[in-house]
1. Could you check V18 against (1) within 26 Å of M89 (Cβ to Cβ); (2) part of a helix (DSSP H, G or I); (3) modelled with pLDDT of 60 or more; (4) not charged (D, E, K, R) and say which number it fails?
Amino acid sequence: MRKITYTLIGLVAPLTPVFAAGSSLSGTNKTLAGFVAGLGDMVNSIFFLIFALTVLVFFWGLTLQLINPGNAEHKQKAKDIMVWGIIGMVVMLSVFGIVNIIVATVATTV
């Protein structure tokens with residue numbers, strides 16, 4: 001139970017600045033463009049955290065690849081981890097681009 005608690009604290013603690021930034025959504029700028037811009041800032045903050053995790057996943061797979069060069073089973077597992085890390089990076093870059101396009105579109109049309 002303690003391990004789960006510490007894991008949850010470790011996952012939620014880095015997001016506290018994001019939640020604090022989210023409180024500014026109810027501030028003085030109550031237009032749709034202001035709301036979308038604040039929401040875009042929150043998503044971008046979360047994006048950078050998740051993107052950093054995908055980079056770590058990729059490098060974890062690379063480390064496994066370098067540690068076990070002779071073992072075919074570990075080598076395949078390391079390749080799979082690296083592939084999923086790359087897929088995660090591509091997905092996060094796509095989300096970043098889509099969110100920024102939406103924010104730019106709404107901010108200029110409103």
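The values are calculated or read from the model by the stated rules, or taken from the named source; none is laboratory data. On a predicted model such as this, the values are computed, not experimentally measured, just so you know. In this analysis, Cβ positions are derived from the backbone assuming ideal geometry, glycine residues included, and neighbour counts consider all displayed protein chains.
1. (3)
Each row is one residue, and each column tells you yes or no for (1) of a type in the set (V, I, T); (2) surrounded by 13 or more Cβ atoms within 10 Å (Cβ to Cβ).
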| residue | (1), (2) |
| --- | --- |
| V55 | yes, yes |
| L66 | no, no |
| A78 | no, yes |
| G88 | no, yes |
| M92 | no, yes |
| F96 | no, yes |
